[in-house]
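A.B. asks: The structure's right below; bear with me while I get my questions together.
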Amino acid sequence: MSPGSLLRVQLRQLCPTQPAIGHDQVLYKLGKYACDRRKLFDDYCEANGQHLSGGVQPSTSLRSAGDALGVKPPGTYPDEMKTVVIGPGQQLYLTDGHHTFSAFWEHPGGGPETSVWVRVTDDFSGAASMAEFWIRLLDERKAWLKDPQGRPILPEQLPETLGLTAMADDPYRALVYFTRQIGYDKPRTPDGRVLPSEFLEFYWAEWLRMLLPLQGYDLDDRKSYAKAVEQAARLMVANPGMLIGSSGRTALEMGGYRALDKKVLRKLSASDGKFTYLLAARAQRAALARAI
């Protein structure tokens, strides 16, 4: 199958290429979706390359959503789509979108059978062995084989499916997500196009893990969590020329800002900010766990 091909698949068909996600990032999305159905379907349509959703009926769910939900046909905006590599046996390996698709997996109206469109970037199905396949993935920076503590893992240790139960939690990966537009953003060209930046957030997380102990912060408290984000962002902007983790690139090349965006920081912990949705979803998940 040629690069650029589009496939409609169910989430259960996708194999992760990283062991962990930031659970708090997924929980924030779930908290937001619980209060804003339009955001849920906008994100769904964006992942399908449709940019935004059109009219959404009260009965519409992720499982029942069809291609007509978007304002454009699937694949109209291919750069917005999540990506896969085809491996031996025609298995699909997800290389971007673990957080978004895990949120769809965990959503009450979603789950493993939720259908999505993905874009093929490479077809490595002709690899002579699984070892050769993984070597090619790593050479192309399309797999992240490190656990949440930064220790190398084998491909056999990767989770079999998406979702919060299967995928380990990396709190530093979530921390990086919340610093976006405060201490960094995805690198862009002068005309505003997003530059390819595979595992950008994991490199930042790898670097922050060495510099910022999270034990001193209460991540169940909005204000304390915001202080952790602020300190992370201050480290990001401290020296634009410093190398970030094992990326081989400088902070500036990784999208680091030259100064904090304090306005976005303040909004993060406001009553209608991301942490409010995150903590509400976390509390709901804990209550459900106790009830089982």
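A.B. asks: Using r as the Cβ-Cβ distance of residue 80 and residue 227, and R0 as 41 Å, what FRET efficiency do you calculate, to the nearest 0.05?
C.D. replies: FRET efficiency, residue 80 to residue 227: 0.80.
A.B. asks: Now a separate question. Pick out, from 226, 163, 247, the residue whose Cα sits farthest towards the positive end of the charge dipole of region 156-273, with +1 on the Cβ of Lys and Arg and -1 on the Cβ of Asp and Glu.
C.D. replies: The one lying farthest along the dipole's positive direction is 226.
A.B. asks: Once you order the gyration tensor axes a ≥ b ≥ c over the Cα atoms, which shape class does the chain get: rounded for a/c under 1.5, otherwise prolate or oblate by comparing a/b with b/c?
C.D. replies: Rounded is the answer for the chain, as its axis ratio a/c remains below 1.5.
A.B. asks: Let me ask another. Less than 15 Å from a label point 7 Å out along the Cα-to-Cβ axis of residue 289: which backbone N atoms in region 151-192 qualify, by residue?
C.D. replies: 164-171
A.B. asks: Suppose R0 equals 51 Å. What FRET efficiency, 1/(1 + (r/R0)^6) with r the Cβ-Cβ distance, do residue 189 and residue 271 give to the nearest 0.05?
C.D. replies: 0.90
A.B. asks: Further, regarding this structure: FRET efficiency for residue 154 and residue 37, Cβ-Cβ distance as r, R0 = 45 Å, nearest 0.05?
C.D. replies: 0.65
A.B. asks: OK, next. Putting +1 on Lys and Arg Cβ atoms and -1 on Asp and Glu Cβ atoms, find which of 100, 47, 62 reaches farthest to the positive end of the dipole of region 38-100.
C.D. replies: Result: 62.
A.B. asks: Next up: Using only C-alpha positions, report the orientation-averaged shadow area of the convex hull of region 223-274, nm², one decimal.
C.D. replies: Mean projected area of the Cα convex hull: 3.9 nm².
A.B. asks: If we sort 12-18, 45-51 on the protection proxy, mean other Cβ atoms within 10 Å, highest first, what's the order?
C.D. replies: Order by mean packing, descending: 45-51, 12-18.
A.B. asks: Here is a further query. Any idea what the dipole of region 222-292 comes to, in debye rounded to 20, about its Cα centre with Lys/Arg Cβ at +1 and Asp/Glu Cβ at -1?
C.D. replies: 320 debye
A.B. asks: Also, quick follow-up: Among the listed pairs 39/142; 29/227; 223/267; 29/267; 29/274, which are separated by more than 18 Å between their Cα atoms?
C.D. replies: Cα-Cα > 18 Å for 39/142; 29/227; rest within.
A.B. asks: I would also like to ask the following. What's the ranking of 197-210, 240-253 by average number of surrounding C-beta atoms within 10 Å, highest first?
C.D. replies: 197-210, 240-253
A.B. asks: What translational diffusion coefficient, to the nearest whole µm²/s, does region 165-292 have by Stokes-Einstein, given a Kirkwood radius computed over alpha-carbon pairs, a temperature of 10 °C and 1.306 mPa s viscosity?
C.D. replies: Approximately 102 µm²/s, per Stokes-Einstein.
A.B. asks: Rounding to the nearest 20 debye, state how big the charge dipole of the chain is about its Cα centre with +1 on each Lys and Arg Cβ and -1 on each Asp and Glu Cβ.
C.D. replies: Dipole about the Cα centre, nearest 20: 940 debye.
A.B. asks: If you stretched the chain out fully between residue 59 and residue 181, how much longer would it get, using 0.36 nm times the residue separation minus the C-alpha to C-alpha distance?
C.D. replies: Once the chain is fully extended between residue 59 and residue 181, it gains 40.5 nm.
A.B. asks: Moving to a separate point now. Over region 1-157, how many percent of alpha carbon pairs lie in each 10 Å bin up to the one with the longest distance?
C.D. replies: 11, 38, 33, 15, 2
A.B. asks: For residue 6 and residue 168 in the same chain, what is the full-extension length gain: residue separation times 0.36 nm, less their Cα-Cα distance, in nm?
C.D. replies: The span from residue 6 to residue 168 would gain 55.5 nm if fully extended.
A.B. asks: I would also like to ask the following. For the chain, what is the calculated [θ] at 222 nm in deg cm²/dmol (nearest 500), taking -39500 (n - 2.57) for each run of four or more DSSP H residues and dividing by its residue count?
C.D. replies: -11000 deg cm²/dmol
A.B. asks: Using 0.36 nm times the number of residues separating residue 242 and residue 52, minus their current alpha carbon distance, what extension gain do you get?
C.D. replies: Length gained between residue 242 and residue 52: 64.6 nm.
A.B. asks: Using +1 on the beta carbon of Lys and Arg, -1 on that of Asp and Glu, and nothing else charged, what's the dipole of region 57-123 about the Cα centre, debye to 20?
C.D. replies: Here region 57-123 has a charge dipole of around 180 debye.
Where a number appears in this text, it was derived from the coordinates with a stated rule and is not lab data. Everything quoted here is computed from the prediction, not taken from an experiment. Methodologically, a virtual Cβ is constructed for each residue, glycine included, from the backbone with ideal geometry; neighbour enumeration extends over all protein chains shown.
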